[in-house]
Each structure stands twice: as structure tokens, then as C-alpha cells.
Amino acid sequence: MTVESTAARKPRRSAGSKAGSAGPKRSRTAPTKGAETDLVQLLTPEGERVENAEYDRYVEAITPERLRGLYRDMVLTRRFDAEATALQRQGELGLWASLLGQEAAQIGSGRALRDDDYVFPTYREHGVAWCRGVDPTNLLGMFRGVNNGGWDPNSNNFQLYTIVIGSQTLHATGYAMGITKDGADSAVIAYFGDGASSQGDVAESFTFAAVYNAPVVFFCQNNQWAISEPTEKQTRVPLYQRAQGFGFPGVRVDGNDVLACLAVTQQALERARNGEGPTLVEAFTYRMGAHTTSDDPTRYRGDEERQAWEAKDPILRLRRYLEASNHADEGFFAELEAESETLGRRVREAVRAMPDPDHFAIFENVYADGHALVDEERAQFAAYQASFADAEGGR
């Protein structure tokens, strides 16, 4: 399996991008048609740098080493995600929610955060977890059913995954309001998807964040599909414009452009830390895989749409820029390929080595003082488990 997988295969050089050139050709304007109106973009799908007077300052000093680091983050995150999907298909995980295609949105925003900022994810933010230093194997424990998360949220300022759609935005807003009362200058970021944007919890979060000027960034990954429901079934206007009705700014960024996601998130976090209140960031991206491994996306979307978005692959885009700028050579890509395979093996071995959970743990902490019905259910379950041992002994 290659490190880039899917559409991010080794690209051909585009016209005008030669190995010996001083840098990539700059396009004159950003996209301005259709769904890409007002889209903040710093790298085109062809890997060409787009000038932007408002956001260039956030990436002008970025070094080739850091660019390679962003590329490495995306490639390794995709490799981990591919391994997790394979593990589920082989019966090692109960379920998996893939981030395929959303690497730039997660890595760009994740690398914009300071250590003292706090993250409230949903259940697909594997790239953000990577940026916060959470061991990838810990993410898999919940999907294997051996724990309820596997990491201490306060060790990485990264909250446990949230399955209830949109509820974490309320938690994030409350935490941000607390930061204000404490007088800290850190910020909070809450991740959610386009489907969650229609939840009442998210609207309530917007209201409280605006009224109390909370230092929170609402980061919506608009991957076009809320399971099988397209975005047009969720809203009549671009999602970022919803912020206007609540009294704070919204911005739409090319979610497949890691530099743009980095810059836009940095600006939103600056606003939060400076007491300027919340921002809604809509990362306009695409879910190239299934909603989860229990979903069949071929039932509600066509190959043509998916192929069009694969041409905008975030990893391929940055690779083109690195090559055109002479910021990475074949040795770098080869080393990363080997590193990604090592990561895949480590993840697979770690998952298979996870011990089974205590079967009776589900009956603990249901009621503070115990309950007769729970005791009865525990006894029934014990008898059920014992029946397997009896069957084995009778052979």
C-alpha cells in the first residue's frame, strides 16, 4: 500500500513547473465560481501558490522543513486511517469513521493550535488527534470496544471523541466561557460536520458564544454529505454565512488546502485570544470514502463526483508544491513511504494485542447505589457466559 493511496499518486509535473525553477508559478486570482465563491485558497489543486492579502502573512515565514512536516502529517494520518479501515473489514474493529480526503482541514487547523488551546472533536478527527500527540492506537480502543477512549483529555488538551452529533459544541462553548472568567489567553476549537450544523445544540452554542464573546472557533468540515444527505438538504446558504445571523464572522476555506486551513485557523484563534469572540470556519472539503464502514456511498453519489474531488486531493496538491519549489526530493518521499509502512504494522500489531474488556464491566457504575434489575441482568449474563464453558467441557 502506498503512503498516498487513493488519488494521491506520484504526480506529473505541470507545465511551467520545472525542477530547476526558482519556485512555483503564481496564479493571479483565487476561484470565484459556484460553491467556491469567497473561498480562501493559498494552493491550487495544481500546487500553485495563490496570493492573498489577508492571509499571506500567516504562511510567508513558513520554512521548507515545516512544509515537509505538514506533508508528513497528512501522509501518516492517511496511512493510519487506511489501516484502521482494513482492520474493521477484517473483523478487528466494530466500526470505523474514515477521514479520507479531509487530511488538509484537520492537519492545517491542528497545527495552528497552541499547546494550551483545548480541542473538542467529534469522532473523525484522527488528524487533529495526531497533531495533539494522541497515540493513534488509543483511538482504536473505543472502536474495538475495549475502552471508552483510551487517553486522558487533560494530558493533550484533546477531549474524548463525541458520538452524539453536535453536543461537543456546547461543551466547547462552556469551556471557552470558563477560560474568559479565568483570565487565560488560550482558545478553544470545536470540530463538527455539515450535518451537525443543523443540530439544535450547535445553534445554542452559536448563541451563547456570541452573547458571551467566548474565545471559541467553530470548525465545520463540510464534506458535502451528512451520511446520505447532501449539503443542499441542510442549508439554503453557504454554511459559513450562518454565523452572520448570530453576530460573529464566518469564513469559508478550501478544506483541501493545508496552507489555507492553517492560515484561516490561526487568524480565528488570534481573534479568540484577543477577546474578539467566536469565528465559524467552514472547511469546504469532501469525504472520499464512506461515512463509516457500515455505509455504502455508491447508493447515493456517483463516481463522477468522487473523481472530480480526487483531482483536488490535499496530499497530491502539497506534493506538487513541494516538488515545484524544490523543497523535497525523492529521498524524502521514499523515507516517508517506509515510515508509513512501519506505522501501519505498529497499528495492526497494537490492535491485535489489545486485551478483551471485562465482560461484566458494563454492569458497573449504572446506579450509584446498585439496583435490583441490574443485579438480575448481571446474573442472567453470567449464566449465559457460563453456558459457553459448559458447552466446551461437554465436547
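Odds and ends about this structure:
- Top positive-direction residue, dipole computed over the stretch 260-359 with Cβ charges, set VAL281, TYR321, MET354: VAL281
- In this simple spin-label model, placing a label point 7 Å from the Cα along the Cα-to-Cβ direction at both ALA311 and ASP56 gives a separation of 2.8 nm.
- The fraction of accessible area contributed by carbon and sulfur in the chain is 49 percent, rounded to a whole number (1.4 Å probe; ligands and nucleic acids excluded).
- Candidate residues ILE227, ILE315: accessible-area rank, largest first, probe 1.4 Å: ILE227, ILE315
- Label-point gap, in nm, between GLU339 and LYS233 - each point 7 angstrom along Cα→Cβ: 4.1
- Think of the chain as a dipole: +1 on every Lys or Arg Cβ, -1 on every Asp or Glu Cβ, centred on the Cα centre; then among GLN90, PRO215, PRO249, PRO249 lies furthest on the positive end.
- Neighbourhood net charge (15 Å Cβ-Cβ; Lys/Arg +1, Asp/Glu -1) for THR207: -1
- Computed magnitude of the charge dipole of the stretch 40-151 (debye, nearest 20; Cβ of K, R +1, Cβ of D, E -1): 380
- Selected from ALA382, ALA53, ALA243 as most flexible by GNM, with the chain as the system and alpha-carbon contacts under 10 Å: ALA382
- For the chain, a crude dipole built from +1 on the beta carbon of Lys and Arg and -1 on the beta carbon of Asp and Glu, taken about the Cα centre, is about 1460 debye to the nearest 20.
- The residue among LEU343, TRP309, HIS291 whose Cα reaches farthest toward the positive pole of the charge dipole of the chain, with charges on the beta-carbon of Lys, Arg, Asp and Glu, is TRP309.
- Taken about its Cα centre, the stretch 139-280 carries a charge dipole of about 120 debye when Lys and Arg each add +1 at the Cβ and Asp and Glu each add -1 at the Cβ.
- With helices as the sole contributors, the chain gives -13000 deg cm²/dmol at 222 nm; each DSSP H run of n ≥ 4 counts as -39500 (n - 2.57), and the sum is divided by every residue.
- In the elastic network of the chain, a GNM with C-alpha springs shorter than 10 Å, the most mobile of VAL347, VAL258, VAL217 is VAL347.
- For the options GLY69, GLY101, GLY331, a Gaussian network treatment of the chain with springs between C-alpha atoms closer than 10 Å singles out GLY331 as fluctuating the most.
- A straight line joining the Cα centroids of the stretch 60-118 and the stretch 334-395 runs 28 Å.
- Around GLN159: net Lys/Arg minus Asp/Glu count, Cβ-Cβ under 13 Å: -2
- The mean accessible area for residues of the stretch 121-276, using a 1.4 Å probe and ignoring ligands and nucleic acids, is 37 Å² per residue.
- Loop-located trypsin sites (Lys or Arg not before Pro) across the stretch 269-358 with a Cβ neighbour count of 16 or fewer within 10 Å are ARG301, with loop assigned by DSSP.
- Cβ-defined net charge surrounding GLY145, 12 Å radius [Lys, Arg +1; Asp, Glu -1]: -2
- The gain in end-to-end length when the ARG346 to VAL211 segment is fully stretched comes to 43.9 nm, 0.36 nm per residue minus the alpha carbon separation.
- Span-like helix ranges in the chain, DSSP H, alpha carbon extent 15 angstrom or more, Kyte mean at least -1.0: 64-89, 167-182, 200-211, 258-273, 314-324, 330-352, 372-393
The values are calculated or read from the model by the stated rules, or taken from the named source; none is laboratory data. The structure presented is a predicted model; accordingly, all values stated were derived computationally and were not measured. Note that we place each Cβ from the backbone using ideal geometry, even for glycine, and neighbour counts take in every protein chain shown. Accessible surface areas use protein heavy atoms only, side chains included; no ligands, DNA or RNA. Shrake-Rupley method; radii C 1.70, N 1.55, O 1.52, S 1.80 Å.
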